[in-house]
1. Please go through the range 188-208 and give me each residue that is farther than 20 Å from LYS285 by Cα, over 16 Å from the mean Cα position of the chain (by Cα) and among the hydrophobic types (A, V, I, L, M, F, W, C), ordered by number.
2. Determine if the range 309-326 includes at least one residue that is surrounded by 12 or more Cβ atoms within 10 Å (Cβ to Cβ) and at pLDDT below 70.
3. Take the residues of the range 185-196 that are β-branched (Val, Ile, Thr) and without any contact (Cβ under 8 Å) to a residue 40 or more places away in the chain: which is least open to solvent (accessible area, probe 1.4 Å)?
4. Out of LEU169, LEU182, which single residue is modelled with pLDDT under 90, open to solvent by 40 Å² or more (accessible area, probe 1.4 Å) and either outside any strand (DSSP E or B) or out of contact with any helix residue (DSSP H, G or I) (no Cβ under 6 Å at 6 or more places or on another chain) (or both)?
5. Go through (1) open to solvent by less than 50 Å² (accessible area, probe 1.4 Å); (2) assigned to a strand (DSSP E or B); (3) under 22 Å from GLN23 (Cα atoms) for VAL93 and report which single condition fails.
6. Would a scan of the range 132-155 turn up a residue that is surrounded by fewer than 16 Cβ atoms within 10 Å (Cβ to Cβ) and touching a residue at least 60 places away in the same chain (Cβ under 8 Å)?
7. How about the range 110-127: which of its residues are farther than 25 Å from LEU37 by Cβ, open to solvent by 50 Å² or more (accessible area, probe 1.4 Å) and not acidic (Asp, Glu)?
8. For the range 266-294, enumerate the residues that are within 17 Å of LEU244 (Cβ to Cβ) and over 24 Å from the mean Cα position of the chain (by Cα).
Amino acid sequence: MTIVQTLTDLVTGHRRVTLSEGQRMLVLHKGRFHAILGAGENRIPCRKCAVEMHALNQLRFKSPYTEALQKARPDLAEAHLQEFRAAEGEVLVVLRDGTPHEVLLPEARAVFWKDAGPWEVERHELGETLKLPLSLAKRLVRLGLATSFSTVEVAEGHTGLLTVDGNFLDQLAPGTHAFWRLGRHVAVKQVDLRLRSHEVTGQEILTKDRVTIRVNLSADFQVVDPVKAVGAVKDFEAALHRALQLAFRRTLGALTLDRLLAEKVNVDTVAADKVRTEMGEIGLKVGEIALKDVILPGEMREILTSVVAAEKQAEANVIRRREETNATRSLLNTAKVMADNPVMLRLKELEALESIAGKVERLTVHNGTEGLMSDLVRLRE
């Protein structure tokens, strides 16, 4: 600055400031907005003018005069500043040089220095579900802007039931889903759609003849209507458990122990049909239901074991007597044949003699060889 300029400034009351490329200065003269000064040497109209220094690396224009400047000097604000304002039903993604820089939620606004740009904006309409595209969510995560949304992972073989402020809105497929954080309660309940097995163990039942037994049950089931299954009952698996208990308790309790043990398969079918019908009304498909075990009290097991042992012993005795009778009948028939046919009797005697001869070392024939041959000749005649 020359001496003449200095003297002129002293006479007129002006002062000069020098700003770098990364600085801007808001000047107020006599309480009014005068200018926004850029890089280089600048002249301020008075020494007591109010000034406000800004750095461009603070990309937002943050000043208590923001709204007043836009209203009083829109031309000045438009020349240096760029404002973005999100409507009630949209979210804005502010881009700096094509890269997401900031997320503006509904009814939020931000003012940026134009010289820190270039600035652009992406507008995303909000639906009832508050979902945002997964590709956008991944971009925001990479740039450290993930605080404006939350993510939920739905596992394979499951479905996600989305509720917003307690109202069911959508059914989500397996994968990652992202939702804007707007002060509303977003919840996702995952429901397993795979075929599963449910066990009921140690269920006590009193039969018609007042015998207390314990049974173990098993049922295969699958959720086919998750919305109905979650909305109709508090816990659909607990509902299945109770249905199995009640159905088999009613069915088995109407039978005597002997009939239950004798008709176990038919009992399974009757009780299973009741359970399948009831569970179908709440969105569950029930497959095979099995009455796996019937457990008797200790004293009853001993009694039944004795009964079974007695029955088997009686059956064995009957079979033994039948075989003895058949053997006796066979001997009687053989005796009748031999009585009518002496030759047959002699042949039997010879067979017996041959059998005995094979078991002893020495055989003595008292009648002699001659007598034996005479007998053979007599047999031929």
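1. ILE205, LEU206
2. First, the residues of the range 309-326 that are surrounded by 12 or more Cβ atoms within 10 Å (Cβ to Cβ): none.
No, every residue in the range 309-326 fails to be surrounded by 12 or more Cβ atoms within 10 Å (Cβ to Cβ) and at pLDDT below 70.
3. Narrowing the range 185-196 to residues β-branched (Val, Ile, Thr): 186, 188, 191.
After this cut, where a residue has to be without any contact (Cβ under 8 Å) to a residue 40 or more places away in the chain as well, the list is 188, 191.
On the way: VAL188: 37, VAL191: 3 Å².
This residue is VAL191.
4. Working: LEU169 fails: modelled with pLDDT under 90.
Of LEU169, LEU182, the one residue that is modelled with pLDDT under 90, open to solvent by 40 Å² or more (accessible area, probe 1.4 Å) and either outside any strand (DSSP E or B) or out of contact with any helix residue (DSSP H, G or I) (no Cβ under 6 Å at 6 or more places or on another chain) (or both) is LEU182.
5. (3)
6. no
7. Selection gives ARG123 alone.
8. VAL267, ASP268, THR269, VAL270, ALA271, ALA272, ASP273, LYS274, LEU291, LYS292, ASP293, VAL294
The values are calculated or read from the model by the stated rules, or taken from the named source; none is laboratory data. Remember, it's a predicted structure, so these values are computed and weren't measured experimentally. As a convention, Cβ positions derive from the backbone with ideal geometry for all residues, glycine included, and neighbour counts pool all protein chains shown. SASA here: full protein model, heavy atoms, side chains in, ligands and nucleic acids out. Shrake-Rupley method; radii C 1.70, N 1.55, O 1.52, S 1.80 Å.
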